[in-house]
1. What distance in nm separates the simple spin-label points at residue 370 and residue 50, each placed 7 Å from Cα in the Cβ direction?
2. Could you give the distance between the Cα centres of the range 147-166 and the range 268-282, to the whole Å?
3. Find the relative contact order for the range 155-307 and round it to a whole percent, using C-alpha pairs within less than 8 Å whose residues are 6+ positions apart.
4. For residue 245 and residue 360, compute 0.36 nm times the residue count separating them, minus their Cα-Cα distance, and round to one decimal in nm.
5. Which whole-number percentage describes the relative contact order of the chain, with Cα contacts under 8 Å and a sequence gap of 6 or more?
6. Using a 10 Å cut-off on Cβ atoms, rank the peptides 61-70, 195-204, 350-359, 18-27 from the highest mean neighbour count down.
7. So for the pair residue 185, residue 263, with labels modelled 7 Å out along Cα→Cβ, what separation do we get in nm?
8. By average Cβ neighbour count within 10 Å, what is the ranking of 49-58, 328-337, 213-222 from highest down?
Ligand SMILES: *Cc1c(COP(=O)(O)O)cnc(C)c1O
């Protein structure tokens, strides 16, 4: 059986009539930039996240970048980031001229280990960017405690956990500012580029709103040197349609994850992801670990199953950061995860037959490598 990693067009087939109607409404409106669709989406997504404000921007990287600027972070500042994340988290820090300071994850949850943040804090530290990696919320309470102790801002990278809960509260309104990517593969994905920030802080919301639109509130009056990072009106119209399905899609992801967790438990050599009792993850990715990861990936490919690696190169070893002086071995947990992790297919439109095919192929590999 052929199992693709993700079938993005399935969402279009499911919501075709509503998406086509949204497209026609947009085309007929004659208003193509920062108009009623963006406003509507911002209200609906803020409500969804239990946050006071949502400001739509062009993509997830811009959300992080503008959030850092809105918090006043710039050259000579240090920002704590996970050593294992998609490189965008680091790049946003670099874009404002600040320095990313990596902290290792808890290898059970893949999320930043709050117990290790303390020793990375120095006199120049201004903020922490925890990432809700693979769909699981970080330990917000522990991160908030540390941030309060040292007077740091918390900017959450929530590109991968739309709709997740921490201690039964929705992520998005729990830190100073939370940044969302609506890249097509994400749990809430656009049909192109899109992103947003959510916050309860009036000032942060206001600054991002001004920064995304050339630094202006009133046309041709530019308060600050801003950017063009507006959320596209058509993407906002599509996102409004998909947002209404997000909880159902996340529930389906959860049931797929539970099937994997139950059926793959005890497989020889396989390490399954751990979820902590106080989080309700939304399974953007289902990441397992195996000492013979490359062989496992090849065996699955042979069986028609596509898997991916998130991520094969930790940011500190990426060529993009070759001038930062990080050596191989500097962040062993991140390096170990990069060498052993494998993302199994998970998505709201996967069939039970496809999941069974994945389970059988993984079990067969694990049994044969006994
Ligand atoms: C997708 C992603 C981003 C970047 O989002 P874009 O919309 O592609 O700019 C940032 N951080 C993480 C963790 C991501 O997964």
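Bear in mind that the values in this text are calculations on the coordinates, not laboratory data. Here the structure is a predicted model, which means the values were calculated and not measured. So basically every Cβ, Gly included, is an ideal-geometry build from the backbone, and we count neighbours across all protein chains shown.
1. Calculated label separation equals 4.6 nm.
2. Between the Cα centres of the range 147-166 and the range 268-282 lies a distance of 20 Å.
3. 21
4. Contour length minus the Cα-Cα distance gives 38.4 nm.
5. The value is 22 percent.
6. Ranking, from highest mean packing down: 61-70, 195-204, 350-359, 18-27.
7. About 2.3 nm, to one decimal.
8. Most protected by this proxy first, the peptides run 49-58, 328-337, 213-222.
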